[in-house]
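Q: Sending over a structure as structure tokens; questions will come in a sec.
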Amino acid sequence: MMDDTDISPVPTADGVTPSSSDPVSAVEPGSELEKWRALSRENEKRWKAASRELEELRQEQMTDQEKAVAQARADARREAISELATSLTEAEIRAQAASAGVTVKTEYLDLGRFLGEDGRPDTELVAQFVAGHTQPVQPEFPRLMGAGYHRGNGGTASMDPDELVNLITGGKII
């Protein structure tokens with residue numbers, strides 16, 4: 001019988017032995033979904049770090065004129081997004097509400113609350129807000145007399161002429 005301490009890491013199919021700091025090894029064995037999620041998160045972190053480093057290198061190599069042009073572009077982009085941010089947020093709320101089958105009124109909402117750091121609608125915040133409105137709004141139509149079949153209103157259940165005469169005269173003989 002083997003002890004648990006005698007088990008050494010087994011190389012994967014590509015020949016790489018997972019280390020103890022590897023996020024995949026921290027996930028319980030057999031959970032394929034968690035393994036891929038952890039790999040995806042790790043790759044995303046690496047990509048963001050590499051993108052930041054690349055952008056810093058580009059910024060260092062720019063001339064003063066190129067830096068001014070880049071700053072003007074960034075300012076114009078921020079201004080354009082801020083002008084459209086509320087309508088984008090409102091559209092996102094309405095789209096998610098429609099897919100959830102609910103109606104959400106946006107007239108009195110502070111739509112700036114739903115913006116992310118980049119000035120665009122934060123879909124997770126919008127999803128949380130829409131999830132709070134789980135009851136679908138059903139329109140209430142007024143009961144109209146003479147429009148359709150009505151039961152229990154003290155009238156007659158049929159169109160029998162004798163019943164109609166009794167209804168009109170109140171049961172009295174004319």
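The values are calculated or read from the model by the stated rules, or taken from the named source; none is laboratory data. Predicted model, so just to flag it, every value in this text is computed and none were measured. Cβ coordinates were reconstructed from backbone atoms using ideal geometry, including for glycine residues, and neighbour counts include every protein chain displayed. In case anyone asks, the SASA skips ligands and DNA or RNA and just uses the protein heavy atoms, side chains included. Shrake-Rupley method; radii C 1.70, N 1.55, O 1.52, S 1.80 Å.
Q: In region 117-132, which residue that is small (Gly, Ala, Ser) and modelled with pLDDT of 85 or more is most open to solvent (accessible area, probe 1.4 Å)?
A: Taking the candidates together, the pick is ALA131.
Q: Determine if region 133-155 includes at least one residue that is out of contact with any helix residue (DSSP H, G or I) (no Cβ under 6 Å at 6 or more places or on another chain), at pLDDT 85 or above, among the hydrophobic types (A, V, I, L, M, F, W, C) and surrounded by 11 or more Cβ atoms within 10 Å (Cβ to Cβ). Don't jump to the end; show me each part of the working.
A: Step one: list which residues in region 133-155 are out of contact with any helix residue (DSSP H, G or I) (no Cβ under 6 Å at 6 or more places or on another chain), which gives 133-155.
Okay, now just the ones that are also at pLDDT 85 or above, so none.
So far as region 133-155 goes, no, none of its residues is out of contact with any helix residue (DSSP H, G or I) (no Cβ under 6 Å at 6 or more places or on another chain), at pLDDT 85 or above, among the hydrophobic types (A, V, I, L, M, F, W, C) and surrounded by 11 or more Cβ atoms within 10 Å (Cβ to Cβ).
Q: Of THR106, THR123, which residue is touching an Asp or Glu at 6+ places or on another chain (Cβ under 9 Å) and within 26 Å of ALA76 (Cα to Cα)? Quick ask: steps written out before the conclusion?
A: Numbers: THR106 fails: within 26 Å of ALA76 (Cα to Cα).
Criteria check complete, one pass: THR123.
Q: Now for a different question. Go through region 73-104 and give me each residue that's open to solvent by 80 Å² or more (accessible area, probe 1.4 Å) and within 16 Å of the chain's Cα centre (by Cα).
A: LEU88, ARG94, SER99, THR103
Q: Let me ask something else. All but one of (1) modelled with pLDDT of 85 or more; (2) over 21 Å from ASP122 (Cα atoms) hold for ILE93; state the number of the condition that does not hold.
A: (2) is the only condition that ILE93 fails.
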